[in-house]
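Working notes, structure below.
The values are calculated or read from the model by the stated rules, or taken from the named source; none is laboratory data. Bear in mind that the values here come from a model prediction, so they are computed numbers and not experimental data. With ideal geometry, Cβ positions are generated from the backbone for all residues, glycine too; neighbour counts draw on all protein chains shown.
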Amino acid sequence: MTILRTDSVTVQHSKTSTILNFPDITIHPEDRILLLGPSGSGKTTFLSVIAGLLAPGSGKVFVKDKDLYALTAKERDHLRGATFGFVFQTLHLLPSLTIAQNILLARDMSGIPSRPDRLENLLLSLGLNGLADRKPDALSQGQQQRAALARAIFNSPSIIIADEPTSSLDDQNTDIVMDLLDQQARESQSALLVATHDHRIKQRFQNIIDLTSLSLKGVA
Amino acid sequence: MNTFSLAIKGLQHKPLHTILSTLAISMGIAMLTSVFLISTGLSDGLKRNNAGIDIVAGAKGSPLQLILSTIYHTDVPIGNIDMSDFEKIRQNSMVKKAIPIVIGDHFEGARIVGTTPDFLDLYQAKFEDGGIFLKPFDIVAGAKTTVKTGQEFAAHHGFTSDDAAHDGDIHDEHLYKVVGRLAPTGTVLDRLLITPYASVQELHAHHDHDEEEGELHSSENHDKTEQKITAILIKARNHASVMNLPRMINNTEQVQAANPQYELTRLSKTLGIGRDVLNALAASVLGLSLLMLFATLASSLTERRHDMAVLRVLGASPTKLFTTLMTEGVLLGAIGSLIGIVFGHILAYSLSQILGSFEGIILRNDLLSIHPFDIVLFAIGCGAGILGALPAAISAARTDIAKLLVKS
């Protein structure tokens, strides 16, 4: 069973008019995949395409055997909320909401029901118990990162997508965050797709897609 | 966290912006509210107090002053006319009813009006206690006057208690006696003391002051045949009479006829210009608050672009972001207009105090109670909120998440 499959996806870069030809990928449950490439190599663009946020110039994306861009916008939004859990480089916790409200956005925006003790269990397993009613700016950087992770995995997503989760961290914290991602992915039986230019975490993955040598074709 | 609570959180995040935008809407709505309340209060009041009088006959001069002084009791009368003129007019076939009135005195600020029992019928007055006056110096008191049934008092010369020219000038040679009190009518009658016209005439027959404009006074020989009255309130026989009577009356040497309907139309045209200016001012304040709302919500959205992207990534549809921001706008508009409406009512109430000469015509307590038009004003306020939030909401719905993520 595959969760996600891409087929000859290309994206035209809006400014340079060059075309990015992305390699075909297939993601199965509990896969660990590293998307490696320097800044500007198209990692985030590719993540946007497979998550249904950016329509490709050509090619297809299948999520749970559904042609993602043949769905209506609403179905696509819903499928994204149900399938993907995102962890961003910049954390994007909403400053006006408490930690609990931020995490529960995953439930409220996707409309996917959850078990009543889900929030409490997550907070506990991530060492955030007691911080539920704090605002993000009252938390340490590490706590904020864990809260963002809690939100990403709240719906037990099929795929956890982490975009540059470690690039601003020292070696020690890089290990902590990667262990955490790995552990949470295992617990929720999710696949893990990490996009990074950080070679420090390379040895953790067997399945590496290197976008460094992504063929760049000039455009007519 | 539904759309509504997301909107509330959004507003709470920038309290100063929220308060300023709300206040801006409140100010516009408060101005609209007070201008509306006072202008409708005034024109309703003028209509209600007209009491079905078709024509007023009185001394020659300003017809508007004649109307204001004898129907609305807000201005001083122009002068007096002879009792014989009253007899002539009463016997005219075009006249259905002619009611004489004599004014010139007051007690504790309430005007004493000498007239006939017909005067009370104009306002469909009912007695709360006591009954109609039967002889001179009997008084029937309006509902809002200070006197009690059975009370005796001496009239003060002049028209109001702040009439400085007559301060301390008291008719203590003859006391009035209150024989009845009226139920409230919501008209100017509530502030009047009614007595047979002979009472006022008699008091002023003994009056030895120099002649002053607007005051009853008798000729030097105190001849009863030269009794004076202030004005005649006329109900005409039919529509044609309303047109023809004034022509006939105006041909006489001393008496003029004024048509209240016509004079009030002229008055409200004059007042209408003022009202239009104030309304335009209120509309521009509202327009300004709209611009402020544009700016506030747009800048708040720029700060929250990443928040919007996060919501999209978590599965929210563009429609959800759109409705969230629109809800913020509607909330601002609704709260702002509610505050504005309340404040507008209070403003109108305080302003009506300044409009002293129209006191008693505007029902001041009505200015504080809810008016159906408040719903329209509320809708206008919410509309301003919707309009103000629209640009930000559209731009939120169009948030290009991919681009935002690449930049981060």
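Here are a few things to note about the model shown:
- Scanning the stretch A:31-45 for any residue that is in contact with a Gly (Cβ under 9 Å, 6 or more places away or on another chain) and either within 13 Å of another protein chain (Cβ to nearest Cβ) or not in a strand (DSSP E or B) (or both) turns up at least one such residue.
- Those helices (runs of 4 or more DSSP H) of the stretch B:238-325 in which 2 or more residues are within 14 Å of chain A (Cβ to nearest Cβ) and closer than 30 Å to A:Gly81 by Cα occupy B:260-303, B:305-313.
- Looking only at the stretch A:146-174, and only at residues there that are in contact with a Ser or Thr (Cβ under 9 Å, 6 or more places away or on another chain) and part of a helix (DSSP H, G or I), the one that is nearest to A:Ser114 (Cα to Cα): A:Ile153
- Qualifying residue in the stretch B:329-337 (condition: touching a residue at least 60 places away in the same chain (Cβ under 8 Å) and either closer than 30 Å to A:Ala82 by Cβ or within 14 Å of another protein chain (Cβ to nearest Cβ) (or both)): no
- Of everything in the stretch A:105-140 that is among the polar types (S, T, N, Q), surrounded by fewer than 20 Cβ atoms within 10 Å (Cβ to Cβ) and not in a loop (DSSP other than H, G, I, E, B), the residue that is modelled with the lowest pLDDT is A:Ser125.
- Neighbours by Cβ (under 7 Å, 6+ apart or cross-chain): first from the stretch A:6-30, free of Cβ contacts under 8 Å to residues at least 60 places away in the same chain; second of a type in the set (Lys, Arg): A:Asp7/A:Lys60; A:Thr26/A:Arg5
- Selection of first residues in the stretch B:180-195 that are assigned by TED's automatic domain parsing to the domain that holds B:Leu120 and of second residues that are modelled with pLDDT under 85 and in a strand (DSSP E or B), restricted to Cβ pairs under 9 Å at least 6 apart or on distinct chains, gives the following pairs, ordered by first then second residue: B:Arg191/B:Glu359.
- Qualifying residue in the stretch A:163-174 (condition: in contact with a Lys or Arg (Cβ under 7 Å, 6 or more places away or on another chain) and under 14 Å from A:Leu93 (Cα atoms)): no
- Under the condition of being touching an Asp or Glu at 6+ places or on another chain (Cβ under 9 Å) and either assigned to a loop (DSSP other than H, G, I, E, B) or not β-branched (Val, Ile, Thr) (or both), the residues counted in the stretch A:2-22 number 5.
- Of all residues in the stretch A:78-104, exactly one satisfies the criterion of being assigned to a strand (DSSP E or B) and within 7 Å of chain B (Cβ to nearest Cβ), namely A:Phe86.
- Hits in the stretch B:310-327 - residues which are closer than 9 Å to B:Ala396 by Cα and either crowded, with 24+ Cβ neighbours inside 10 Å or among the hydrophobic types (A, V, I, L, M, F, W, C) (or both): B:Leu321, B:Phe322, B:Leu325
- For the stretch B:132-151, filtering for residues that are in contact (Cβ under 8 Å) with a residue 40 or more places away in the chain and at positive phi leaves 1.
- Evaluation of A:Asp108 against the conditions (1) in contact with a helix residue (DSSP H, G or I) (Cβ under 8 Å, 6 or more places away or on another chain); (2) within 13 Å of another protein chain (Cβ to nearest Cβ) shows that the sole unmet condition is (1).
- Members of the stretch A:161-185 found to be in contact with a strand residue (DSSP E or B) (Cβ under 9 Å, 6 or more places away or on another chain), surrounded by fewer than 17 Cβ atoms within 10 Å (Cβ to Cβ) and charged (D, E, K, R), listed by number: A:Asp182
- Reported count of residues in the stretch B:374-399, each being crowded, with 21+ Cβ neighbours inside 10 Å and free of Cβ contacts under 8 Å to residues at least 40 places away in the same chain, is 0.
- The stretch A:48-74 - residue that is in a helix (DSSP H, G or I) and at pLDDT 90 or above and, of those, farthest from the other protein chains (Cβ to nearest Cβ): A:Ala70
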